[in-house]
Amino acid sequence: MRVARTVWVPVLRTQRNIAAGWHIVPVFCNSSDRNVIYTIASPNKPEKATPVSPARLALALQRMLEEGEVNNQSDLARKVGLTRARITQVLNLLKLPDSVIRNLCSVSEPKSIAFFSERRLRSITRLPRTKEQLKAFRDLEKRAAGIVTV
């Protein structure tokens with residue numbers, strides 16, 4: 001049996017998003033909580049926005065593509081209200097090793113999620129070897145330990 005949880009995140013406030021309402025996207029994480037469905041939902045006036053790990057967002061976007069909910073990244077960008085470039089940046093996080101993605105999905109503290117932003121992880125995704133990516137991520141975790149509780 002699947003359990004539904006809702007996570008509130010801010011969505012890009014463009015005229016199109018405001019006119020159409022904001023979007024709801026199912027998020028699944030490939031970790032031990034496989035039976036939990038996280039939903040990113042953005043109402044017009046959220047009480048308190050909770051950040052979502054960029055890895056969870058990448059997995060949700062990938063699932064939408066794989067399940068045929070959208071035809072391509074351009075359609076996906078239109079549907080969620082982001083640019084095609086931003087969609088590509090977020091999906092590039094899936095080039096990280098599975099252990100790193102699982103680790104990023106397990107982060108729940110807002111400060112930790114903010115620390116492990118897509119922008120900060122982008123340089124790690126560009127590394128050619130898995131070993132280098134793991135080392136760079138471990139170094140980033142060490143930096144995070146001094147700033148936030150991971």
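The values are calculated or read from the model by the stated rules, or taken from the named source; none is laboratory data. What you are looking at is a predicted structure, and each value in this text was computed from that prediction instead of being measured. Glycine gets a Cβ as well: all are built from the backbone with ideal geometry, and neighbour counts include every protein chain shown.
Have a look at Ser99, Ser123 and point out the one that is exposed (fewer than 14 other Cβ atoms within 10 Å of the Cβ) and in contact with a Phe, Trp or Tyr (Cβ under 9 Å, 6 or more places away or on another chain).
Ser99
Hey, does segment 132-150 have a residue that's surrounded by 14 or more Cβ atoms within 10 Å (Cβ to Cβ), in contact with an Asp or Glu (Cβ under 9 Å, 6 or more places away or on another chain) and farther than 13 Å from Leu96 by Cβ?
Yes, there is a match, as at least one residue in segment 132-150 is surrounded by 14 or more Cβ atoms within 10 Å (Cβ to Cβ), in contact with an Asp or Glu (Cβ under 9 Å, 6 or more places away or on another chain) and farther than 13 Å from Leu96 by Cβ.
Being more than 10 Å from the chain's Cα centre (by Cα), closer than 16 Å to Arg122 by Cβ and not β-branched (Val, Ile, Thr) is the filter here; which residues of segment 49-83 pass it?
Residue satisfying the conditions is Leu82 alone.
Mind checking which residues of segment 109-129 are assigned to a loop (DSSP other than H, G, I, E, B), under 14 Å from the mean Cα position of the chain (by Cα) and more than 17 Å from Gly146 (Cα to Cα)?
Passing the criteria: none in range.
When only residues in segment 93-108 that are outside any helix (DSSP H, G or I) and touching a residue at least 12 places away in the same chain (Cβ under 8 Å) count, which is nearest to Val70 (Cα to Cα)?
Leu96
Go over the candidates Lys111, Lys45, Lys135 one by one and state the one that is at pLDDT 95 or above and out of contact with any His (no Cβ under 7 Å at 6 or more places or on another chain).
Exactly one residue qualifies, and that residue is Lys135.
Can you find a residue that is at pLDDT below 90, within 21 Å of Phe116 (Cα to Cα), acidic (Asp, Glu) and assigned to a loop (DSSP other than H, G, I, E, B) anywhere in segment 24-40?
yes
Residues in segment 82-92: is at least one assigned to a helix (DSSP H, G or I) and over 20 Å from Arg63 (Cα atoms)?
If we filter segment 82-92 for residues that are assigned to a helix (DSSP H, G or I), which is where we start, we get 84-92.
Filter once more, so that each one left must be over 20 Å from Arg63 (Cα atoms): none.
No, there is no match, as no residue in segment 82-92 is assigned to a helix (DSSP H, G or I) and over 20 Å from Arg63 (Cα atoms).
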